[in-house]
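Just so it is clear, none of the values below were taken in a lab; they were calculated from the coordinates. On a predicted model such as this, the values are computed, not experimentally measured, just so you know. Cβ: placed from backbone, ideal geometry, glycine included. Neighbour counts: every protein chain shown.
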Amino acid sequence: MNTTDPSLPSYAYLAGPMRGYPLYNFEQFMGAAAILEHRGIKVLNPAQMDLEIGFDPLTDPFDDIAMHSAMRRDINALLQVDAIILLPKWRESEGARFELGVARMIGLDIFEYHNGFLTGVDEYDLRGVA
């Protein structure tokens, strides 16, 4: 539970589209993380984790080997948090849908992020999503 606002998670993982976006959509991930952290939510941000291991979105390719490594890391990250926050257009992302599946299987709270606001998501909202 978030001590600032009990309706918000205290520790959350960001999931959303990266591949196929300019600079792997790092700008959206970083912007959302900054807003959420300002609201008192500790954020595990895969874009930040990529930067911390030396990935450069301007020059580095994100091939299948990098994807497999990142997904293994991200699954481990999901085991550390109490919620997953889905960024806009997450339904278009194979990786985000996979992360959501893991989150559902381990009982994480699920939120969608839109313009700085979070909306809780329940199983009814996720019907038809793998």
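Here are some notes:
- Filter pass, PHE55 being assigned to a loop (DSSP other than H, G, I, E, B) and either without any contact (Cβ under 8 Å) to a residue 60 or more places away in the chain or surrounded by 14 or more Cβ atoms within 10 Å (Cβ to Cβ) (or both): yes
- Matching residues in the stretch 9-24 - criterion: being more than 14 Å from the chain's Cα centre (by Cα) and either of a type in the set (Lys, Arg) or not in a loop (DSSP other than H, G, I, E, B) (or both): PRO22, LEU23
- Take the conditions (1) farther than 23 Å from LEU126 by Cβ; (2) touching a residue at least 40 places away in the same chain (Cβ under 8 Å); (3) surrounded by 19 or more Cβ atoms within 10 Å (Cβ to Cβ); MET67 misses just one of them, which is (3).
- Of the set (1) farther than 18 Å from ALA12 by Cα; (2) outside any helix (DSSP H, G or I); (3) not basic (Lys, Arg), all apply to VAL81 but (1).
- Scan of the stretch 84-130 for residues that are in a loop (DSSP other than H, G, I, E, B) and in contact with a strand residue (DSSP E or B) (Cβ under 6 Å, 6 or more places away or on another chain), ordered by number: LEU87, LEU108, VAL121
- Residue within the stretch 70-77 that is under 25 Å from LEU8 (Cβ atoms), of a type in the set (Gly, Ala, Ser) and either assigned to a helix (DSSP H, G or I) or in contact (Cβ under 8 Å) with a residue 12 or more places away in the chain (or both) present: yes
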